[in-house]
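First the structure, in the form of structure tokens, and then the observations on it.
The values are calculated or read from the model by the stated rules, or taken from the named source; none is laboratory data. The structure presented is a predicted model; accordingly, all values stated were derived computationally and were not measured. Counting neighbours? That spans all protein chains shown, and the Cβs are built from the backbone with ideal geometry, glycine included. Keep in mind that these areas ignore ligands, DNA and RNA; they rest on the heavy atoms of the full protein, side chains included. Shrake-Rupley method; radii C 1.70, N 1.55, O 1.52, S 1.80 Å.
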Amino acid sequence: MTKDKVNTPYDNAFRTLIVKCPTLVISLVNEAFHEKYELREKVNVFHNEFFVGNRHQKERITDSHIGIGDKRYHAECQSSTDGTITVRIFEYDAQIAAENAQTEKDEITFTFPYSALLYLRCPSDTPRTMRVTYKVPNGGISYEIPILKVPEYTADEILEKELYFLIPFHIFAYEKELEKINDNHEKLEDLLQVYKRFAKVLQQKVKEERLTEYERQVIRDMTGKVVSSLAVKWDNIKEGVEGIMGGEILELEVDKILNRGIDIGRTEGLVDGMITLVRDGLLDMAEGAKRTNMTREEFERRVNDV
């Protein structure tokens, strides 16, 4: 049994965002499939390991497999175009459909997920959709898989459409110019201004409760991780962006905070532990309420009950 795909830092960042901040995917789903979900819809994250083959099974790991309402969605993140992604998407989708097949008397129904493809880099002539056709004995089934070309999204579009999930990967929009940017003070400052704007907006969205503090920290840390990998040779870019977006990426700072809350909770009780973090300014009110399974009003009363 072998794994089919070697993870890159970009795959890891993508999956980290999915697992730790699933609600950030909602804006991507809205963008790809023209849905109108509210940004605080409940998102279910399903397991992403499947096995294909018979005698020699291979483990296939999808980049995302989520559910919103009664629909399932599957997205793959590719750092470049290749000839295998179409087959892989079919294999993933077929496995998801098989796991959720519905049988009634002499009929079985396979419901395939809505699938999308995100390219971090791709030729300019890459199409916006990919058509998939299944030929079956009595005819055929054809549908389109939307393709999101991440480098084509401007900072303005990312912020206007609340596609905060894409912020860590925005550096790919500058990939071909990294050497010039690194060695040119004005170009470097222009790039850093983009990330300063990202950081400012993320902070503002936390105040507006459009994001949680936890989500903001994960976005910042994953941005540092992706930039450190892509701009590994360009110290001015790497250090500049990391300085703006948070720096240390080996362990999420917010996870340290939550782990501290758990430690406190072992001795004081979970609610008291989270209240301590909020009073110390290490966790925001919304995240504290979420972690204690309380309404914001109930949790806020506990915090203010000195």
Q) Which condition does L188 not pass, out of (1) surrounded by fewer than 19 Cβ atoms within 10 Å (Cβ to Cβ); (2) out of contact with any helix residue (DSSP H, G or I) (no Cβ under 9 Å at 6 or more places or on another chain), if it passes all the others? A) (2)
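Please verify whether the stretch 88-106 includes one or more residues that are exposed (fewer than 10 other Cβ atoms within 10 Å of the Cβ), more than 21 Å from H170 (Cα to Cα) and either under 25 Å from the mean Cα position of the chain (by Cα) or among the acidic types (D, E) (or both). Step through it out loud before you land on a result.
Looking only at the stretch 88-106, we keep the residues that are exposed (fewer than 10 other Cβ atoms within 10 Å of the Cβ), and these are 102-106.
So of that shortlist, the ones also more than 21 Å from H170 (Cα to Cα) come out as 102-106.
Imposing the further condition that a residue be either under 25 Å from the mean Cα position of the chain (by Cα) or among the acidic types (D, E) (or both) reduces the set to 104, 106.
Yes, the stretch 88-106 has at least one match.
For the stretch 140-151, give me the residue count where each residue is under 15 Å from S80 (Cβ atoms) and either open to solvent by 20 Å² or more (accessible area, probe 1.4 Å) or β-branched (V, I, T) (or both). If you could, list the steps in order and put the result at the bottom.
Keep residues of the stretch 140-151 that are under 15 Å from S80 (Cβ atoms), which gives 147-151.
Subset that is either open to solvent by 20 Å² or more (accessible area, probe 1.4 Å) or β-branched (V, I, T) (or both): 147, 150-151.
Final tally of qualifying residues: 3.
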Q) In the stretch 153-185, what residues are within 20 Å of the chain's Cα centre (by Cα) and of a type in the set (K, R)? A) K161
(Q) Against the definition (in a helix (DSSP H, G or I), touching a Phe, Trp or Tyr at 6+ places or on another chain (Cβ under 8 Å) and closer than 22 Å to P151 by Cα), how does I237 come out, yes or no? (A) no
Q: Quick one: which residue in Y164, Y119, Y174, Y214 is open to solvent by less than 40 Å² (accessible area, probe 1.4 Å) and at pLDDT 95 or above?
A: Y164
Q) How do the pairs read when you match residues in the stretch 85-97 that are within 13 Å of I145 (Cα to Cα) with residues anywhere that are among the small types (G, A, S) and loosely packed, with under 15 Cβ neighbours inside 10 Å, using Cβ under 7 Å and keeping only pairs 6 or more apart or on different chains? A) none
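Could you list, in sequence order, all residues of the stretch 12-33 that are among the polar types (S, T, N, Q) and open to solvent by 10 Å² or more (accessible area, probe 1.4 Å)? Lay out the reasoning, then the answer.
Here is the first cut: in the stretch 12-33, the ones among the polar types (S, T, N, Q) are 12, 16, 23, 27, 30.
Those that are among the polar types (S, T, N, Q) and open to solvent by 10 Å² or more (accessible area, probe 1.4 Å): N12, T16, T23, N30.
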Q: Taking the options E248, E287, E300, name whichever one is surrounded by 14 or more Cβ atoms within 10 Å (Cβ to Cβ) and modelled with pLDDT under 75.
A: E287
Q | Verdict on P113 being open to solvent by 70 Å² or more (accessible area, probe 1.4 Å) and over 23 Å from I237 (Cα atoms) | A | no
Q: Name, by its number, the condition in (1) out of contact with any helix residue (DSSP H, G or I) (no Cβ under 6 Å at 6 or more places or on another chain); (2) buried (at least 19 other Cβ atoms within 10 Å of the Cβ) that does not hold for Q193.
A: (2)
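Criterion first (open to solvent by less than 70 Å² (accessible area, probe 1.4 Å), at pLDDT below 90 and either within 30 Å of T292 (Cβ to Cβ) or out of contact with any strand residue (DSSP E or B) (no Cβ under 8 Å at 6 or more places or on another chain) (or both)) does L258 satisfy it? First the steps, then the outcome.
On the way: open to solvent by less than 70 Å² (accessible area, probe 1.4 Å): yes; at pLDDT below 90: yes; either within 30 Å of T292 (Cβ to Cβ) or out of contact with any strand residue (DSSP E or B) (no Cβ under 8 Å at 6 or more places or on another chain) (or both): yes.
Yes, satisfied.
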